[in-house]
Amino acid sequence: MSRRKQIYEGKAKILYEGPEPGTLIQYFKDDATAFNAQKKATLDGKGVLNNRISEYVMLRLAEIGIPTHFLKRINMREQLIKKVDIVPLEVICRNVAAGTMAKRLGIEEGEALPRSIVEFCLKRDDLGDPLVAEEHIHAFGWATPEEVDEMVAMTLRINDYLRGLFSGIGINLIDFKIEFGRLALAEGHQIILADEISPDSCRLWDRETNKKLDKDRFRRDLGNVTEAYTEVATRLGIIKPSGPNGKPHLSVVSNEE
Ligand code: 5GP
């Protein structure tokens, strides 16, 4: 059996060559890192949960017309995706002050922002993914002004939709990070949503208690990280509340759902 070719290994995912030209396989690892990989751990089952949660979110976003790289889930840890040229920017959208923004601007964590704010960070691990202005993006050619406008418009739509989706299951979407890619077309290219959307890349707080249901549990040593991700998956209906042995289990949900 020929081993498939690894294209890239990141902190939480591996990309392999896909079965058809223009496709890749995205594998979700159990590895967790924070603070530019200074803190590391393996969290049993995290990859399985993120694969399922990201699949669910990407499918819902496709339904409202957001173009995404997601094609189908292959198994518990892998999904087939469209091959894109990743825009070297992290696009962050915030509704409530938290994390680096709260620290940078001296705002108390948990304070609602006057409106949703979109930020860009350069994808450079060696520099700690620095915040950049649109001026930098245009001047250094990381994305054109038109691409930036498209990414901002899509991000705000994604934010509107996801706020509603999570609100429906008693969760406040505090902020999230997404990435976009350029999909090659016969003529030119199209900007599409890539990477993943999961509790690794979002801040999700329980509406009643403000309990953190996201990667901050790992970053801040709050414990019960996979339990929190399981809670998100359960509330989304991806996981049945309890399996035959009394433990939550992953239900079989088709890609077409
Ligand atoms: P902050 O800038 O406050 O650390 O993060 C803002 C939001 O973007 C949070 O939801 C955080 O999880 C997400 N985020 C920022 N940088 C990264 C990153 O490098 N990887 C992941 N997975 N999420 C990130």
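Any read-out appearing in this document is the output of simple, stated calculations on the displayed coordinates, not a laboratory observation. From a predicted model like this one, the values you see are computed outputs, not experimental measurements. For neighbour counting, all protein chains shown are included, and Cβ atoms are generated from backbone atoms with ideal geometry for every residue, glycine included.
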* Would you list Arg124, Arg115 from fewest to most Cβ contacts within 10 Å? -> Arg115, Arg124
* **Other-chain or far-sequence residues with amide H under 5 Å of Lys240's (modelled H)** => His249, Ser251
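For a quick check of your reading of the filter: which chymotrypsin sites (Phe, Trp or Tyr not before Pro) in the range 180-246 sit in a DSSP loop and have no more than 11 other Cβ atoms within 10 Å?
none
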* Structure fact -> Result row for the chain, helices from DSSP H with C-alpha axial extent 20 Å or more and mean Kyte hydropathy at least -0.5, is 46-63, 145-167
* By count of other Cβ within 10 Å, fewest leading, how are Leu113, Leu24 ordered? -> Leu113, Leu24
* Largest-first principal axis extents, alpha carbons of the chain, Å -> 57, 55, 37
* Considering Cα pairs under 8 angstrom that are at least six residues apart, work out the relative contact order of the range 85-206 and quote it in whole percent. => 29
* To do: Would you calculate, for the chain, the mean residue ellipticity at 222 nm contributed by helices, counting each DSSP H stretch of 4 or more residues as -39,500 (n - 2.57) and dividing by all residues, to the nearest 500?
  => -8500 deg cm²/dmol
* Structure fact -> Counting only DSSP loop positions in the range 1-47, the trypsin sites (Lys or Arg not before Pro) whose Cβ has at most 10 other Cβ atoms within 10 Å are Arg3, Lys5
* Members of Lys11/Lys40; Lys11/Lys103; Lys13/Lys40; Lys46/Lys82 lying beyond 20 Å, as alpha-carbon distances in this model show -> Lys11/Lys103; Lys46/Lys82
* Asked: Using +1 on the beta carbon of Lys and Arg, -1 on that of Asp and Glu, and nothing else charged, what's the dipole of the range 85-206 about the Cα centre, debye to 20?
  -> 320
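Based on the Cα gyration tensor of the range 85-206, what are the three equivalent ellipsoid semi-axes, each the root of five times an eigenvalue, rounded to whole Å and given largest first? Don't skip to the answer; put the middle values down first.
Details: eigenvalues 126, 64, 30 Å².
They are 25, 18, 12 Å, listed from largest to smallest.
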* Structure fact -> Mean projected area, convex hull of alpha-carbon positions in the range 68-112, reported to one decimal in nm², is 5.3
* Structure fact -> By Cβ neighbour count within 10 Å, fewest first, Ser201, Ser116 rank Ser116, Ser201
